[in-house]
Amino acid sequence: MFEGKNLSLKKLDNGIVELCFDGPGSVNTLNIATVLEIKNVVDLLEGDASVTGLLITSGKSTFIVGADITEFTELFSGTKEALADAMLEVHGIFNRLEDLPFPKVAAIGGFALGGGFELALTAEYRVCADVAAVGFPEVKLGIIPGYGGTVRAPRLMGCDNAVEWICSGKQAKAVEALALGAVDTVVPLEQVRPVALAMLASAIAGDLDFNKRREEKKTPILLNDMERLMAFVSAGGFIAAQAGRNYPAPMSALKSIEKNVIMTREDASKVEIEHFADLAFTDVASSLVGLFLNEQAVSKKAKKLAASAGKVKQAAVLGAGIMGGGIAYQSASKGVPILMKDIAQQGLDAGMEEAGTLFGKLVGRGKMSATKMAASLNKIQPTLNYAGIENAEVVVEAVVENPKVKKMVLAECEALMSPDAILCSNTSTIQISELAEALERPENFCGMHFFNPVHKMPLVEVIRGKKSSDAAVAKVMSYAVSLGKTPVLVNDCAGFLVNRVLFPYLGSANGLIKEGVSFTHMDKVMERWGWPMGPAYLQDVVGLDTCEHASKVMAAAFPDRMQPSFKSAAEVLFEAGRLGQKNASGFYKYAPDKKGRIQKVADDSVAALLEGHVDASAEMDDETIIDRLMIPMALEMVRCLDEGIVASPAEADMAVIMGVGFPPFRGGIFRYLDTVGIQAFCDKAQQYSDLGPEYALLDSLLAMAKEGRTFY
């Protein structure tokens, strides 16, 4: 009946027709072209009196994963009115599909997310595979469902359930969707189609009242005061607290639902569209959509490089400390056997204990069986010698951050490894090209910088040294991908990318403390700005000993802008034996709460320790604090791009978000610069130029400002 690029319509038996989505990519999306083809199908079906029922299916393992996010940038670049008109047209098409005078059943065999699930909601019934998942992830992009999700979901599954799903961006398994009424039956994957056809036949025969089901989705919900209070007022406080001040979409979704549930479908649609269009033109939505696209691009690049090297079947790690033990756990948890070598039995015992604890938590949460845990632990082979190292394809050195020790261990290991194996270092600051001086095969050596804690942090920096070969880099990228990490390839310099741009930020923080700014106030300002923790707190979490060592490496490499002219507060506290969280005292004190979670509390003794090292107490407004901290960090990032340390703004922004928790809703440093405006940023930086070289404007930025260019 119809054959498009993204879907087809064909006749089955007894007047039933099948609408099958099967676009050219690996998954189905609701791009503009697909929506126009749906309109063509609706036009056909409205004029065909012989049709008795519609089966909606997918030709892929997924159903429809949502709208095509690559189209959002263009859609959101026009006017709000134009976007609202386009959304209203889509609602009209979906409403016409819903209103067809015969029953419709959606057969969901895999993911049905966002616009894909909204399309499924236009059908009267949904048959779902037990392996499928459904939901509305839109708030994670800074928007809300825009194809009728806030209208139909509350009427099908109740206001409270719809609010929870939509405002959290939740993705629910099939059994939960069934329990809440979002789908009508759950069956094994191979039964989805026959059961959907049987349900359609029952509706055609009159055994199922599909007209009543349809009307429920089109009419207002009658709520008494208590029901309204429970569904919206009570939820509002919780949602606001969970979302925070920087993410407006969840509260906007709540307000859309609260307002539209007492309306007819057509009026309710207008409310949803209004909220969607308002959000689409916020900086948050622009940043989060950009972040999604960056993530896709970075992941695609990494996987392409990894594919050229083949999968790593055996790995090894040298050192069973915090990082080495974490790497061993991560490797074993992803099914890659790993040799864990240390010079002390105590270290090996600690590494295995840590791995056992992490696996035990998975068992406790029901995400792993005890049998699987035992099998995974057996993939870690602890050893005090190098026996078996010749079988490793990738060896990660993770010993103490000392160049002499690292060079000795690397040379010792290289002599025993397979000549084709790749050796890499987990150093966080020492240049890879310097460490390579100790090796016979520097072409088989590069950096592989994990972030702590390894099992939680998604980023791995893969560092290309001056002599690192393409094959070595590809193999390490492959290993990182197999560990479930997102690797970003960078070129060699002190601190590489993430630490190089972090230390101007931390250095500026110590500068503000020296000037008399309260570090607790500074932390609160930056946390309100969006960082998960302020700079003083961050130094405690990283470890003041680690920060002091790294800051000296960075100061030696970039003395003009990273060598302080004073003894920093961090150094004073470190010399007093305060290491931060690791020994429960740093800028703050640390103690477990009733649930055993480590919490920071103010420590009055810090003021006495810093006396004589800080100026008299100084008041500084929030905007100045933000500028003083962010300008040096942003300028260093631009230098890294100019110098070719990182290949693109997308990779750089993903690295700081995944590596140090740069606020995701700001999209990364380059996205932040675009949002502020390059000229406006240059004007800000100019105000602080007398403070030192770390605030000096770069010719490349000045040229961008003059020419009106942006990073994205």
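Numbers below:
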{"read-out": "Low-density loop cleavage sites - trypsin sites (Lys or Arg not before Pro) in the stretch 582-670, where at most 15 other Cβ are within 10 Å (DSSP)", "value": "K594, K595, R597"}
{"read-out": "Where GluC sites (Glu not before Pro) fall in DSSP loop in the stretch 640-712, at most 14 other Cβ within 10 Å", "value": "none"}
{"read-out": "Cα-based reach from K311 at 19 Å (exclusive), listing aspartates and glutamates while leaving out same-chain residues under 8 positions away", "value": "E390, E393, D420, E461, D470"}
{"read-out": "Overall form of the stretch 10-74 per C-alpha gyration tensor (a/c, 1.5; a/b vs b/c)", "value": "oblate"}
{"read-out": "H275, H521 arranged by Cβ crowding within 10 Å, fewest neighbours leading", "value": "H521, H275"}
{"read-out": "The chain, helix-only ellipticity at 222 nm - DSSP H runs n ≥ 4, -39,500 (n - 2.57), divided by all residues, nearest 500", "value": "-15000 deg cm²/dmol"}
{"read-out": "Projected area, mean over directions - the stretch 303-377, Cα convex hull, nm²", "value": "5.7 nm²"}
{"read-out": "Relative contact order of the stretch 301-490, defined on C-alpha pairs under 8 angstrom at six or more residues apart (%)", "value": "26 percent"}
{"read-out": "Those chymotrypsin sites (Phe, Trp or Tyr not before Pro) in the stretch 253-303 that DSSP places in a loop and that have at most 14 other beta carbons within 10 Å", "value": "F281"}
{"read-out": "Largest-first ellipsoid semi-axes for the stretch 301-490, taking √(5λ) over the Cα gyration tensor eigenvalues, angstrom", "value": "25, 19, 14"}
{"read-out": "Directionally averaged shadow of the stretch 580-675, computed from the convex hull of its alpha-carbon atoms, nm²", "value": "9.5 nm²"}
{"read-out": "For peptides 175-187, 111-123, 219-231, sequence by mean Cβ density within 10 Å, most packed first", "value": "111-123, 175-187, 219-231"}
{"read-out": "Relative frequency of Cα-Cα separations exceeding 39 Å in the chain, percent", "value": "44 percent"}
{"read-out": "Rounded to 5, the percent of DSSP beta bridges in the stretch 2-281 classed as antiparallel", "value": "35 percent"}
{"read-out": "DSSP bridge orientation in the chain - percent antiparallel, rounded to nearest 5", "value": "30 percent"}
{"read-out": "Magnitude of the charge dipole, the chain, Cβ model with Lys/Arg +1 and Asp/Glu -1, debye to 20", "value": "1580 debye"}
{"read-out": "Per-selection metrics, the stretch 232-284 (Cα): Rg and Dmax in Å", "value": "11.7, 32"}
{"read-out": "Taking all pairs of distinct alpha-carbon atoms in the stretch 2-281, Kirkwood radius in angstrom", "value": "18.8 Å"}
{"read-out": "Nearest-ten-degree value, helix 80-98 long axis tilted from longest Cα axis of the chain", "value": "50 degrees"}
{"read-out": "Relative contact order of the chain, defined on C-alpha pairs under 8 angstrom at six or more residues apart (%)", "value": "9 percent"}
{"read-out": "Cβ-based net charge around M658, under 11 Å, with every Lys or Arg adding one and every Asp or Glu removing one", "value": "-2"}
{"read-out": "Computed P(r) (all Cα pairs; the stretch 237-372; 10 Å bins; percent)", "value": "10, 20, 19, 21, 18, 9, 2, 0"}
{"read-out": "Mean separation of Cα contacts under 8 Å, 6 or more apart, over the residue count of the stretch 2-281: relative contact order %", "value": "18 percent"}
{"read-out": "For M448, distant residues with modelled amide H under 5 Å away", "value": "S425, N426, T427, I463"}
{"read-out": "Cross-link pairs K404/K567; K341/K567; K140/K594; K60/K212 - those with Cα-Cα distance over 29 Å", "value": "K341/K567; K140/K594; K60/K212"}
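Each value in this text was obtained by applying a stated rule to the coordinates, not by laboratory testing. Computed from a predicted structure; not experimentally measured. Neighbour counts are summed over all protein chains in view; Cβ atoms, including those assigned to glycine, are modelled from backbone coordinates with ideal geometry.
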